[in-house]
1. Somewhere in region 222-236, is a residue modelled with pLDDT under 95 and closer than 24 Å to Ala158 by Cα?
2. Can you pull out every residue in region 66-82 that is free of Cβ contacts under 8 Å to residues at least 12 places away in the same chain and part of a helix (DSSP H, G or I)?
3. Out of the residues in region 83-136 meeting the condition of being in a helix (DSSP H, G or I) and out of contact with any helix residue (DSSP H, G or I) (no Cβ under 8 Å at 6 or more places or on another chain), tell me which one is most open to solvent (accessible area, probe 1.4 Å).
4. Select from region 221-252 the residues that are in a loop (DSSP other than H, G, I, E, B), in contact (Cβ under 8 Å) with a residue 40 or more places away in the chain and touching a helix residue (DSSP H, G or I) at 6+ places or on another chain (Cβ under 8 Å) and list them in ascending order.
5. Of everything in region 1-42, what is of a type in the set (S, T, N, Q), open to solvent by 50 Å² or more (accessible area, probe 1.4 Å) and in contact (Cβ under 8 Å) with a residue 24 or more places away in the chain? Give them in sequence order.
6. Among all residue pairs at least 6 apart or on different chains, which show Cβ distances below 7 Å where the first residue, located in region 120-131, is at positive phi and the second is open to solvent by 50 Å² or more (accessible area, probe 1.4 Å) and more than 6 Å from the ligand (Cβ to nearest atom)?
Amino acid sequence: MKADIVTIFPDFFRGPLEYGITRRAQEMGLAAIQVHDLREFTHDRHRTVDDRPFGGGEGMVLKPEPLFECLELLGVAPREERLAGRAKQSVVLLSAQGQRFTQKVASELVLLDHIVLVCGRYEGVDERVAECLADRELSIGDYVLSGGEMAAAVIVEAVMRLLPGAVGNEASTQQESFTVDAKVKASDGADSTCGSNGLLDYPHYTRPAEFSGMAVPEALLSGNHEEIRRWRRQRALEKTLRNRPDLLEGASLSEEDKRFLAGIKNNRG
Ligand code: SAM
C-alpha cells in the first residue's frame, strides 16, 4: 500500500512513522509512506500556504492551489473514479467536521492501493478541497486539534497494522476491540467467540500469577478452554456494557450472551 501525507510540518512525522508496526510495514515492503511539505508547492518568496478568509472572521485558511498542485504530482485518479470505486485510492481530508474514523473505516482503507492524507491547519482548509479534491473527510473524534498531523498519524497506524503480515500474529488483530466478524482460533486453542465481534476486548493478564496480593483470575489458570472462553466472553460483555453500551446494539450476540447481559441488568435492579 502507498500512503502519502501532505502537511506544512513534515518533521512531525519523524517519530510516528519510525516506530513499531508502521516502521515494520515499511521495512517489509508492505507499505511505502511518504511525507510531502505543502510549502514545496508554493511559488512565492514567502512560500505562502494560507490566507485570510473571505467574509471576514478569525484566523487563516489553507489555500487551495498548493494542495491541488501537490495532488496532481502524486498522480491520484480523478475524484469521480475514486468515488465510484473504480480506482482503489482515497484522498482523505482530515477535519473535525469529517465522518468519524473507526475500525470499520480502517478496514475499508486497508483494501486500497493508495491513500493520501491531507492535514489541515489554522481555521481549516479552503472548502474547495473537500468539495472537489478529497473524496472523504475524516475526524478522529469529537474534539478540535490544532492540525491534522496527529489525526493522520492515528489513521496510518490503525490502517498499517491491518496489512496482512504487518503484525506478527495476525489472529490478534482479528480479536481486538471493535473488530467485527472475527472467525479465527486463538493460538491457545480457545475459540474466537471469546474475541470481539463488535465488543470491547476481554482483559489480559501475564506472569506473575500473583503480584502484590493481586491474583490472576482462576479461570485463566484452569487450562480448560471452554471455561477460559466463557470467562473472557463474559468479561468482554461486562466491560462493553459498562464503558461502551452503544456497541452492544451492533455486536453479534449469542443467546448465552443475551442471558448473561440480562442477568447483569436484573442484578442492577
Ligand atoms: N475551524 C475548524 C472547526 O471548527 O471544525 C477547526 C480547524 S482545526 C483548528 C485545524 C485542522 O486540524 C483541521 O483543518 C483538521 O485538519 C485538523 N483537525 C482538528 N480536529 C480534528 C479532528 N478531530 N480530526 C481530524 N482532524 C482534525
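1. Checked region 222-236: no residue is modelled with pLDDT under 95 and closer than 24 Å to Ala158 by Cα.
2. Within region 66-82, the first condition is being free of Cβ contacts under 8 Å to residues at least 12 places away in the same chain, and the residues that meet it are 72, 75, 78, 80-81.
Of everything in region 66-82, those that are free of Cβ contacts under 8 Å to residues at least 12 places away in the same chain and part of a helix (DSSP H, G or I) turn out to be Glu72, Glu80, Glu81.
3. The residue in question is Lys104.
4. Within region 221-252, Ala251 is the sole residue that qualifies.
5. Gln34
6. Tyr122/Met60
The values are calculated or read from the model by the stated rules, or taken from the named source; none is laboratory data. All values derive from a computational prediction rather than experimental measurement. Every residue, glycine among them, receives a Cβ derived from its backbone with ideal geometry; neighbour counts consider all protein chains shown. For the accessible areas, the whole protein counts, side chains as well, though only heavy atoms, and no ligand, DNA or RNA atoms are used. Shrake-Rupley method; radii C 1.70, N 1.55, O 1.52, S 1.80 Å.
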